Amino acid sequence: MAMTEPATIYAPATAPGEAAIAVVRVSGPAAGATLRALSGRAPPPPRTATLRQLRHPESGAPIDEALVLWFAAPASYSGEDMVEYHIHGGAAVQAALLDALAACAGLAPAPPGGFTRQAVRNGRMDLLRAEAIADLIAADSPAQHAQALAQKAGGLGALYEGWRQRLTDALAHMEAGLEFADEDLPSTLDKRAQRAAQGVADEVTTHLADTRGERLRTGLTVALLGAPNVGKSSLLNRLAGREAAIVSARAGTTRDVLEVGLRLEGLPLVLVDTAGLRAARGTIEREGVRRARARARDADMRLFLCAPRQLAVPQMAQLQRRGDILVYNKADLRGRAPPDSLPVSARTGAGLTALLKLLGERLRSRFAPRAAPALTRARHRRALEDAAEALARAKAETAAELVAENLRLAEQALAQLTGHANMERVLDAVFRDFCIGK
């Protein structure tokens with residue numbers, strides 16, 4: 001397989017000044033020679049921390065006294081020879097080491113995700129685990145952390161590879177029937193292959209309907225909806241713990257969608273404040289109401305707010321879905337809460353604990369991690385949709401040759417998920433937005 005980047009790469013694992021100790025990695029065939037050039041000595045025994053004085057290979061100027069770890073191929077993260085330099089985290093120290101590495105022959109700065117890309121190429125992990133590492137680094141909530149760890153453990157890869165293998169077996173049966181029609185083969189080969197393919201198709205369809213993984217990865221959206229002046233912005237500020245939205249007694253203050261991120265019982269949330277639902281006055285307010293309705297349709301959960309003398313608007317009934325929460329705000333004022341509503345006061349904070357508890361229960365029941373792994377990225381969805389479409393065509397065909405061709409297309413779509421097909425093209429797509437330095 002042709003290499004599209006330098007064989008030996010290096011990069012800092014932390015940005016200058018971020019930590020008291022910084023780690024700079026070098027991975028590739030020239031890693032050992034680089035260590036000799038910087039320390040004047042051969043690599044230490046693998047996985048043994050060793051103290052080395054580092055110097056610039058050309059000027060001999062001292063860089064730092066570093067803790068060096070050597071990982072010999074293939075027993076390293078990348079599958080290549082790898083050395084880690086644990087140095088003091090100051091910007092000047094890191095700059096000096098990176099300048100020294102740049103002076104070594106055969107080295108180049110690592111592109112985003114370069115070390116993980118080497119690991120995929122060398123069979124240390126599949127693409128799904130590589131994506132899980134990126135998600136693990138980016139996770140900022142316990143639920144995202146748990147999902148990334150589960151994917152890194154290989155559950156999602158095992159599911160997709162199992163489907164691919166079943167299609168490979170079914171395709172082999174179809175091909176056997178086509179290529180060796182004169183042989184004494186079982187007459188039921190084609191039917192068995194089609195039943196196996198239909199089983200995969202049914203499971204893929206069920207898997208595509210599960211959006212938990214994608215939602216958790218990007219954050220669950222909770223939209224605040226209601227008539228003007230029911231206290232949506234005040235409630236947003238109270239839940240966010242800061243004045244994120246402008247609050248005014250004047251109707252129509254909120255003209256656009258305002259988003260605030262927070263965590264609730266381990267789940268990542270995006271609270272969305274929207275324009276008041278009413279017959280809009282003017283072009284700008286009409287656009288705000290349109291955006292509010294669109295955001296409500298896409299939200300994972302809606303809090304419909306009402307208040308004394310502002311109990312409901314017609315649009316609320318159109319937008320409500322099972323599981324949404326009706327919130328009676330301004331409960332500190334005189335008024336009677338409608339049935340099945342939860343009384344709160346954004347001004348005093350009364351009832352907010354009960355609201356958060358109920359919201360957490362509703363979201364956990366829908367999005368908490370389950371035993372069955374869920375797809376997490378648009379790349380997964382596109383490949384699975386391609387596989388599902390090919391399997392649907394295979395079911396509709398009557399000619400065995402066309403059935404076999406569509407099974408082959410479905411198998412190839414599944415192979416892209418783990419990296420068994422079109423490796424370089426898929427790698428480019430996966431690592432385009434990968435974490436820097438890993």
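The values are calculated or read from the model by the stated rules, or taken from the named source; none is laboratory data. Please read all numbers here as calculations on a predicted model, not as lab measurements. Note: ideal-geometry Cβ built from the backbone for every residue, glycine included; neighbour counts use all protein chains shown.
Give me a count of the residues in the range 345-360 that are of a type outside the set (D, E, K, R), assigned to a loop (DSSP other than H, G, I, E, B) and either surrounded by fewer than 18 Cβ atoms within 10 Å (Cβ to Cβ) or free of Cβ contacts under 8 Å to residues at least 40 places away in the same chain (or both). Outline the logic, then answer.
Filtering the range 345-360 for residues of a type outside the set (D, E, K, R) gives 345-346, 348-356, 358-360.
Now drop any that are not assigned to a loop (DSSP other than H, G, I, E, B), which leaves 345-346, 348-351.
Imposing the further condition that a residue be either surrounded by fewer than 18 Cβ atoms within 10 Å (Cβ to Cβ) or free of Cβ contacts under 8 Å to residues at least 40 places away in the same chain (or both) reduces the set to 345, 348-351.
Here the count works out to 5.
Keeping to the range 49-69, report how many residues are hydroxyl-bearing (S, T, Y) and surrounded by fewer than 14 Cβ atoms within 10 Å (Cβ to Cβ).
Step one: list which residues in the range 49-69 are hydroxyl-bearing (S, T, Y), which gives 50, 59.
So of that shortlist, the ones also surrounded by fewer than 14 Cβ atoms within 10 Å (Cβ to Cβ) come out as 59.
Of the residues in that region, 1 qualify.
Could you check, for the range 70-82, whether at least one of its residues is more than 30 Å from the chain's Cα centre (by Cα), farther than 22 Å from T376 by Cα and crowded, with 17+ Cβ neighbours inside 10 Å? Spell out how you get there, then give the answer.
Of all residues in the range 70-82, those more than 30 Å from the chain's Cα centre (by Cα) come to 70, 72.
Narrowing further to those that are farther than 22 Å from T376 by Cα: 70, 72.
Narrowing further to those that are crowded, with 17+ Cβ neighbours inside 10 Å: 70.
Yes, the range 70-82 has at least one match.
Please go through (1) buried (at least 20 other Cβ atoms within 10 Å of the Cβ); (2) modelled with pLDDT under 85 for F304 and return the number of the only condition it doesn't satisfy.
For F304, the exception is condition (2).
Restrict the check to the range 373-385 and report whether at least one residue is buried (at least 19 other Cβ atoms within 10 Å of the Cβ), small (G, A, S) and under 28 Å from the mean Cα position of the chain (by Cα).
In the first step, residues of the range 373-385 are kept if they are buried (at least 19 other Cβ atoms within 10 Å of the Cβ); the result is 373-377, 380, 383-384.
Within this subset, residues satisfying the condition of being small (G, A, S) are 374, 383.
From what's left, under 28 Å from the mean Cα position of the chain (by Cα): 374, 383.
Checked against the condition, which is being buried (at least 19 other Cβ atoms within 10 Å of the Cβ), small (G, A, S) and under 28 Å from the mean Cα position of the chain (by Cα), the range 373-385 yields at least one hit.
Name the single residue that is nearest to G231 (Cα to Cα) among those in the range 307-332 being among the small types (G, A, S) and modelled with pLDDT under 75.
Pass one, the range 307-332, residues among the small types (G, A, S): 307, 312, 317, 323, 331.
With modelled with pLDDT under 75 added as a condition, the list becomes 312, 317.
Details: A312: 13, A317: 19 Å.
If we take residues in the range 307-332 being among the small types (G, A, S) and modelled with pLDDT under 75, then A312 is nearest to G231 (Cα to Cα).
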